[in-house]
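No value in this document is a laboratory result; all are computed from the given coordinates. Because the structure is a prediction, the values reported are computed rather than measured. FYI the Cβ positions are ideal-geometry reconstructions off the backbone, even for glycines, and counts take in every protein chain you see.
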Amino acid sequence: MNQQRFRRELVAREEMLRAASKEQAKASFEQAVQAVMISTGEIPQEYKIVDVVFAFGDASTPDKITSASNPFENLKTALKRLALEKGGDAVINCRFEHRITVIESSYNRAIEFIAYGTVVRRLPFDVRPCNPY
């Protein structure tokens, strides 16, 4: 009996550790997402192009655009997540667009939001000694 109880407790502890580890990984990923730079133009730093990313949402898909007050913030976050997943640390030359469409079956209007940009990996700045003269 004691061995069975011990095994159950051990399994329960392992499950708790796995859950905690997943939560830590998720929190770490969210911090990394926030650190990704978004720019609507070039950046004053050398970089390597990784890929192009696109994000899309509309008013009829609340799971993609959850905040009606500022859907572009959600698109920025989506671009950051995609950039991080592709190994980048910045998205440059971003474009944010919207358009109003009509759903044919109901003649209701919907707003579509689109964002895209170039994922890059920034290269470290050159560390050069300062000329004292």
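Summary of computed values
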| item | result |
| --- | --- |
| Spin-label proximity, A35 to region 77-111 - amide N less than 16 Å from point 7 Å beyond Cα toward beta carbon | 80-91 |
| Sites A27 and R99 - FRET efficiency at Förster radius 30 Å, r taken between beta-carbons, to 0.05 | 0.25 |
| Extension reserve of the E15-E42 stretch, reckoned as 0.36 nm per residue once the Cα distance is removed | 5.1 nm |
| Label point 7 Å beyond Cα of D51 along Cβ direction - residues of region 73-104 with amide nitrogen under 19 Å | 75-95 |
| Relative exposure of F56, F96, judged by other C-beta atoms within 10 Å (fewest first) | F56, F96 |
| Burial ranking of peptide ranges 38-50, 98-110, 76-88 (average Cβ count within 10 Å, highest at the top) | 76-88, 38-50, 98-110 |
